[in-house]
Every structure is written in C-alpha cells, then in structure tokens.
Amino acid sequence: MSKVQAIPAGYAAVLPYLVIKNAAGALDFYQNAFGAETIMRMDMPGGAVMHAEMRIGTAVFMLSEQSDEWGNKSPDMLGGSPVTLMVYVPDVDAFVARATTAGATLTMAVADQFWGDRSGCLQDPFGHRWMISTHIEDVPEEEMAKRAAQMFGQ
C-alpha cells in the first residue's frame, strides 16, 4: 500500500464546508458569480448533491445539500449564517460587480479598509456571507491600531 499525504495536495488544513438548500443551483451560481471551478461532484440517487468541491483561485471549499436526516442545516433552515467566508482576489471591484450582477446581494460596499485591504461584503442567494478583498497595503500593527482608534472615534 502506498503512502499518501495526510493533507491532499492543493488543499489547506482547514476548509469551509457549506450546507445549502439547492446545492446544485449553488454550484452554477458560484461558477457564474465567483468564477469558481468545480473540482468534483457526487450526487445522491435522487440527484441532490451529496458532496461537491469547488475552487476560487487557490481556495478550496466543499458543499452539500441540506438534510434534516443527516443533521445538515443550511442558512435557510437556521434563519441566516453566523459565518462569513473571506476570499482574497486580484480585483475586488470586478469580482463584486460580477457577483452582484449574477444575483449576490451587496451587504457592504467595496472600500479601502484601515487594515490594508480593499474589501466588500456579499450574501449569496443561498444565505452564505462572503467578504471579498484585495490586499492593497501592508500596515504595521501599531499603525493599524492607530487607524482603528480613529475609525471608532477614540
């Protein structure tokens, strides 16, 4: 038996796993809106997505259909999501424009942030929240604290 890597090549040690009502529709949405690539997809006999993997740039995430039977709860079942997925992209403005055109809801306009990123926030049609960013400046920790205090009026 050959030895395999504990963490598969091209995967990070921690990956988001999204549970989605209409996971098949989400695969299409993420391809169109985010330019995501489907790495693999396994369907259940009825056609619902049992497991799928997608990639945005170098970031991999996984997803499956919601199911009470398996205890998989989607934002739709829970009344929202407490999690925001953070994605770095080369051009945040173009990414957010493409995503909103495809049906994502803008929840925070794209703007330069005190921590050195240009960022905007979206909610996809399936209830998952995304912060999209392009790093534009390396900000030393002391300067970041100063900028944060200014922002919060301290």
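Computed quantities for the displayed model
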read-out	value
Pairs, first over 15 Å from TRP130 (Cα atoms) and among the acidic types (Asp, Glu) in the stretch 29-43, second open to solvent by 40 Å² or more (accessible area, probe 1.4 Å) and at pLDDT 95 or above, C-beta under 9 Å, six or more apart	GLU37/GLN31; GLU37/ARG55; ASP43/MET50
Hits in the stretch 16-33 - residues which are aliphatic (A, V, I, L, M) and farther than 22 Å from GLY79 by Cβ	ALA24, LEU27, ALA33
Entirely in the stretch 1-86, the strands (runs of 3 or more DSSP E) that have 2 or more residues that are under 13 Å from the mean Cα position of the chain (by Cα) and surrounded by 14 or more Cβ atoms within 10 Å (Cβ to Cβ)	17-20, 49-56, 59-65
Number of the condition not met by ASP93 [criteria: (1) surrounded by fewer than 20 Cβ atoms within 10 Å (Cβ to Cβ); (2) in a strand (DSSP E or B); (3) touching a strand residue (DSSP E or B) at 6+ places or on another chain (Cβ under 6 Å)]	(2)
Residue selected from the stretch 122-143 under the condition closer than 30 Å to SER74 by Cβ and not in a loop (DSSP other than H, G, I, E, B), by the criterion nearest to the chain's Cα centre (by Cα)	TRP130
THR100, sole failed condition from (1) modelled with pLDDT of 95 or more; (2) part of a strand (DSSP E or B); (3) surrounded by 12 or more Cβ atoms within 10 Å (Cβ to Cβ)	(2)
Pick from the stretch 110-143, criterion touching a residue at least 40 places away in the same chain (Cβ under 8 Å), open to solvent by 30 Å² or more (accessible area, probe 1.4 Å) and of a type outside the set (A, V, I, L, M, F, W, C), ranking: farthest from ASN22 (Cα to Cα)	HIS135
Count of residues meeting criterion [among the hydroxyl-bearing types (Ser, Thr, Tyr) and at pLDDT below 95] in the stretch 1-48	2
Given (1) in a loop (DSSP other than H, G, I, E, B); (2) farther than 24 Å from LEU18 by Cα; (3) open to solvent by 70 Å² or more (accessible area, probe 1.4 Å), index of the condition LYS146 fails	(1)
The one condition in (1) at positive phi; (2) in contact with a Cys (Cβ under 7 Å, 6 or more places away or on another chain) that MET108 fails to fulfil	(1)
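The values are calculated or read from the model by the stated rules, or taken from the named source; none is laboratory data. Note that the structure is a prediction, hence the values are computed from the model and not measured. Ideal geometry is used to build each Cβ from the backbone, glycine not excepted, and the neighbour counts take in all protein chains shown. Surface accessibility is based on the protein's heavy atoms, side chains included, excluding ligands, DNA and RNA. Shrake-Rupley method; radii C 1.70, N 1.55, O 1.52, S 1.80 Å.
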